[in-house]
1. Solvent-accessible area per residue for segment A:40-103 at a 1.4 Å probe radius, Å²?
2. At 1.4 Å probe size, with the rest of the protein present, what percent of the exposed accessible area of chain A is carbon and sulfur atoms?
3. If you plug each phi of segment B:18-26 into the Karplus form 6.51 cos²θ - 1.76 cosθ + 1.60 with θ = phi - 60°, what whole-Hz ³J(HN,Hα) values come out, in order, with x for Gly and Pro?
4. log10 I(q)/I(0), Debye, Cα-only the protein assembly as shown, no solvent, q = 0.10, 0.12, 0.13 Å⁻¹?
5. Kindly write out, for segment A:66-76 in residue order, the coupling ³J(HN,Hα) from the Karplus curve 6.51 cos²θ - 1.76 cosθ + 1.60 (θ = phi - 60°), rounded to whole Hz, with x marking Gly and Pro.
6. Straight-line reach from A:Lys78: which lysines fall under 20 Å, measuring Cα to Cα and dropping same-chain residues less than 8 apart?
7. For chain B, give the share of DSSP beta bridges that are antiparallel, in percent and rounded to the nearest 5; count only bridges with both residues there.
8. List every residue whose amide H lies under 5 Å from the amide H of B:Glu14, counting only residues 5 or more places away in sequence or on a different chain, with H placed 1.01 Å from N in the peptide plane.
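The values are calculated or read from the model by the stated rules, or taken from the named source; none is laboratory data. Because the structure is predicted, anything quoted here is derived from the model rather than measured. In this analysis, Cβ positions are derived from the backbone assuming ideal geometry, glycine residues included, and neighbour counts consider all displayed protein chains. The area values use the complete protein model at the heavy-atom level, side chains included, leaving out ligands, DNA and RNA. Shrake-Rupley method; radii C 1.70, N 1.55, O 1.52, S 1.80 Å.
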Amino acid sequence: DAGVIQSPRHEVTEMGQEVTLRCKPISGHNSLFWYRQTMMRGLELLIYFNNNVPIDDSGMPEDRFSAKMPNASFSTLKIQPSEPRDSAVYFCASSLAESYEQYFGPGTRLTVT
Amino acid sequence: GQSLEQPSEVTAVEGAIVQINCTYQTSGFYGLSWYQQHDGGAPTFLSYNGLDGLEETGRFSSFLSRSDSYGYLLLQELQMKDSASYFCAVKDSSASKIIFGSGTRLSIRP
């Protein structure tokens with residue numbers, strides 16, 4: 001298996017633009033997680049899905065952030081409009097719901113100028 | 001709620017042994033995990049303790065005491081490549097979500 005796939009790996013955009021991050025989980029995994037990592041705030045869970053259904057989005061910072069999982073093999077995290085404080089590395093991870101081990105993708109480094 | 005505490009930084013010498021501690025407070029407990037993250041990389045799973053005691057995997061061992069809400073990661077025969085950040089993590093009461101600590105940055109000197 002190729003592991004968790006994220007795209008793009010790097011994104012540079014201007015403030016106010018829409019940003020869409022993409023994730024393909026490991027085949028057969030039924031839980032998917034979006035994290036944000038910064039030096040100041042560490043690794044923050046933004047939202048997670050079980051069987052394509054959003055379970056907990058309490059970590060989503062504000063309404064500018066939204067996430068979808070239309071099927072078991074694809075998820076998106078959208079920021080609209082983006083702001084400089086959104087600059088961070090965004091990780092997607094997947095797992096079996098009952099497992100203690102999460103598999104992380106390589107991350108998307110987002111820079112908003 | 002849940003919280004985990006671990007030291008922010010640890011420095012050790014190549015070839016030595018280092019222990020990274022983690023204390024936690026959770027409303028439900030389904031095990032303690034450890035992840036490693038190199039600079040510029042993604043977190044990767046190292047170990048898991050569901051029951052009290054020591055789990056050994058090569059040079060790395062992890063310990064758990066549920067009565068003390070405490071665990072540690074032990075790294076032996078340190079190598080320069082072990083320089084990384086190490087995160088402890090617990091499964092929350094829903095047993096689906098994993099909560100990560102703030103991470104311990106391990107620096108290794110020759």
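1. 49 Å²
2. Details: 2800 of 5620 Å².
Answer for chain A is 50 percent, counting heavy atoms of protein chains only.
3. Taking θ as phi minus 60°, the curve returns 9, 10, 10, 8, 8, 10, 9, 10, 9 Hz for segment B:18-26.
4. After summing over all Cα pairs, the log10 values are -0.45, -0.65, -0.76.
5. For segment A:66-76, the Karplus-derived couplings read 8, 9, 9, 9, x, 8, 5, 10, 7, 9, 10 Hz, x marking Gly and Pro.
6. A:Lys78 reaches A:Lys24, A:Lys68.
7. Working: 37 of 42 bridges.
Here the antiparallel bridges make up roughly 90 percent for chain B.
8. Here B:Arg109 satisfy the definition.
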